[in-house]
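Chemist: Pasting a structure here, questions to come.
Where a number appears in this text, it was derived from the coordinates with a stated rule and is not lab data. For clarity, every value in this text was computed on a predicted model and none was experimentally measured. No Cβ is skipped: glycine too gets one built from the backbone with ideal geometry, and neighbour counts run over all protein chains shown.
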Amino acid sequence: RFEAITGKVQLKLTKEPNATFDARTTTGNIHCNLPLTEQKESRHFTGGRISGKLGSGEGHIKARVVTGSLQLVSV
């Protein structure tokens, strides 16, 4: 679980985990280049949400940012 009130959260993955993802921003941009299956994405005037599954989805990864950007990237 990753949380930030203000700032930039960047989650970089070097391996593809078996996990479900739920990432949200209240006010700020959200970007994801992970090959999620069952992906759901919603964008609002001030924030957004992306959720989905990598691999078998056994683990759970949550990321929240109140004011700031959120990036989920594969490197």
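Chemist: Before we move on, is Lys15 part of a loop (DSSP other than H, G, I, E, B), more than 9 Å from the chain's Cα centre (by Cα) and either farther than 10 Å from Leu70 by Cα or aromatic (Phe, Trp, Tyr) (or both)? Spell out the reasoning first.
Modeler: Numbers: part of a loop (DSSP other than H, G, I, E, B): yes; more than 9 Å from the chain's Cα centre (by Cα): yes; either farther than 10 Å from Leu70 by Cα or aromatic (Phe, Trp, Tyr) (or both): yes.
Yes.
Chemist: Is there a residue in the range 52-60 that is in contact (Cβ under 8 Å) with a residue 60 or more places away in the chain and either among the polar types (S, T, N, Q) or part of a loop (DSSP other than H, G, I, E, B) (or both)?
Modeler: The answer is no, given that none of the residues of the range 52-60 is in contact (Cβ under 8 Å) with a residue 60 or more places away in the chain and either among the polar types (S, T, N, Q) or part of a loop (DSSP other than H, G, I, E, B) (or both).
Chemist: Restricting attention to the range 20-51, which residues are more than 15 Å from Thr6 (Cα to Cα), touching a residue at least 24 places away in the same chain (Cβ under 8 Å) and polar (S, T, N, Q)?
Modeler: Residues satisfying the conditions are Thr20, Asn33, Ser51.
Chemist: Still on this structure, please answer the following. Output the residues belonging to the range 28-72 that are in contact with a Ser or Thr (Cβ under 6 Å, 6 or more places away or on another chain) and of a type in the set (A, V, I, L, M).
Modeler: Selection gives Leu34, Val65, Val66, Leu70.
Chemist: A further question follows. Using the structure shown, decide if Thr25 is under 13 Å from the mean Cα position of the chain (by Cα) and among the hydroxyl-bearing types (Ser, Thr, Tyr). Explain how you work it out, then say what you get.
Modeler: On the way: under 13 Å from the mean Cα position of the chain (by Cα): yes; among the hydroxyl-bearing types (Ser, Thr, Tyr): yes.
Yes, satisfied.
Chemist: Can we say Ser69 is farther than 17 Å from Phe2 by Cβ and of a type in the set (Ser, Thr, Tyr)? Even if it seems obvious, please write down each step before you answer.
Modeler: Details: farther than 17 Å from Phe2 by Cβ: no; of a type in the set (Ser, Thr, Tyr): yes.
No.
Chemist: Among the residues of the range 28-48, how many are closer than 10 Å to Leu70 by Cα and part of a strand (DSSP E or B)?
Modeler: Summing the residues that are closer than 10 Å to Leu70 by Cα and part of a strand (DSSP E or B) in the range 28-48 gives 4.
Chemist: Right, here's the next one. State whether the residues of the range 9-18 include one that is surrounded by 11 or more Cβ atoms within 10 Å (Cβ to Cβ), closer than 21 Å to Val75 by Cα and in contact with a Cys (Cβ under 8 Å, 6 or more places away or on another chain).
Modeler: So the first thing to find is which residues in the range 9-18 are surrounded by 11 or more Cβ atoms within 10 Å (Cβ to Cβ), and the list is 9-11, 13, 16-18.
Applying the additional criterion that residues be closer than 21 Å to Val75 by Cα yields 9-11, 13, 16-18.
Filter once more, so that each one left must be in contact with a Cys (Cβ under 8 Å, 6 or more places away or on another chain): none.
No, every residue in the range 9-18 fails to be surrounded by 11 or more Cβ atoms within 10 Å (Cβ to Cβ), closer than 21 Å to Val75 by Cα and in contact with a Cys (Cβ under 8 Å, 6 or more places away or on another chain).
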